[in-house]
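Below you'll find the structure, written out as structure tokens, and then a few comments.
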Amino acid sequence: MIAIFTETICKNGGGSQFAAINYAIGLKKLGLEPVLFTIKTPYAKEELAKYKLQCCFLRPLILPILTFDLIHAVGFIKLHQPKLIILNESFSTYWIGLICGKIFKIHTLAYFHTYYFKNHETKFASINKILEMFVILYLRLCFKFVDYFAVPSKTAAIFLNTKLGIKKTKTQIYPYPILNKTNIKTKVTLKNKLVLNLLYTGRVVKGKNVDLLVKTLARIPTNNWTLTIIGSGRSMGEVARIIKNCHLENRIKIRDFLPRGELLMEYANYDVFISLSDMETLGFTYIEALNAGLPIICLKYPTTEELFTNLENVYFLKTKDPKSLAVQISEIIKLIKSKNAPPTQKDFLEQYTYTSAAQKLVSRWF
């Protein structure tokens, strides 16, 4: 048995929650017995039942750090003695999983990317650098007893090695499982298309730069594009105001988060995926869009450069100045309209399938 500790699984949850489910599906296909430890919610119960996954539902506690029912978790681990404990992207799951791992001497593998720290960094840096130092110390304490770390990219590995002092021998790169299977489509209708329907999907928060995207598109002739934003977040009110002030209500639509299954089907209704986010460390939505056959327009920074260099249908932007961005995006739109988009390389997408990612995990640990 493999125990997977993950945060609360909710309808509009982050990609790492679904990565945990996807790992469980992939491991089950390989004949192993994954068990998901998570807080019991109606959505989690429904989602895990859908895939017939074994689970151990834990009661939430009021304590700020130990949000899981530790006694319940320890009892289950003692009874089943898993071969590996996987800790998925949440401080509370790290603590409970580590306690279980140390009590019963079971190896722990923690998934980590830079998102959590970037959130803290953005929140605290403007207040006081001392607080940033405490965040780093807290992370170091939290990770001190983890046996190994799984990261989705070299960028995340470098962060762990340099910022948090984790030894290179303890970090291994595992792509996060995103795709059930590679079913690559090619958008053959873009050539000479008059209006490109752009899509952004994800959280609308600081760092995702959706406000910058709207301000930039306002500088581009509106007969060339439409934009649909699927998501929600703290910055949505500000984005809506910018849309109104720029008189773009007829060109930009805002839609709430869709259930995961519906969202995956929705990509194919658009022509191009666009994002000016500079805080991605997983690239879930980018990879889902590529699998649906959409070209990608995104900022060039370490994560996207590492993930997508050498892919023909990814177009990089090299500035965050709205005026310069507008010029670049206008040129890219013309370029996309002038040719049919090539399909994304199958070997690139294959590494993100449930079974492939689980197989890599299994080959390392079993």
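Observations on the model:
- Taking amide H as placed 1.01 Å from N in the peptide plane, the amide H of A110 sits under 5 Å from that of L87, Y148, F149, A150, each at least 5 places away or on another chain.
- Comparing mean-square fluctuations of Y315, Y148, Y51 from a GNM of the chain with C-alpha springs under 10 Å, the top value falls on Y51.
- Computed E for H107/K346 - FRET, C-beta separation, R0 35 angstrom, nearest 0.05: 0.60
- Straight-line reach from K337: taking Cα to Cα under 20 Å and skipping same-chain neighbours fewer than 8 places apart, the lysines in range are K185, K187, K191, K193.
- Look at the dipole of region 196-343 built from charges on Cβ: of L212, L282, I332, the Cα furthest out on the positive end belongs to L212.
- Extension gain, Q172 to N250, is 23.4 nm, computed as 0.36 nm per intervening residue step minus the present C-alpha separation.
- Qualifying lysines (Cα of each under 20 Å from Cα of K28; at least 8 residues distant if same chain): K45, K50, K52, K83, K181, K360
- Relative contact order of the chain, pairs being alpha-carbon contacts under 8 Å that are 6 or more residues apart, as %: 18
- Rounded to 10°, Cα long-axis angle of helix 129-143 versus longest principal axis of the chain: 50
- For a label point 7 Å along the Cα-to-beta-carbon line of K11, residues of region 33-60 with backbone N under 15 Å: 41-47
- Mean-square fluctuations from a GNM of the chain, with a 10 angstrom spring cutoff on Cα atoms, peak among G293, G202, G75 at G75.
- If both residues of a DSSP beta bridge must be in region 196-343, then about 0% of such bridges are antiparallel.
- Placing dummy labels 7 Å off each Cα toward the beta-carbon, the span from K318 to N223 is 3.1 nm.
- Histogram of C-alpha separations across region 196-343, 10 Å bin width, %: 11, 45, 38, 5
- Hull volume in cubic angstrom per residue (convex hull over the Cα atoms of the chain): 142
Each reported figure results from applying straightforward, stated rules to the coordinates on display, with no laboratory input. Computed from a predicted structure; not experimentally measured. Positions of Cβ are generated from backbone atoms using ideal geometry, with glycine treated the same way; all protein chains shown enter the neighbour counts.
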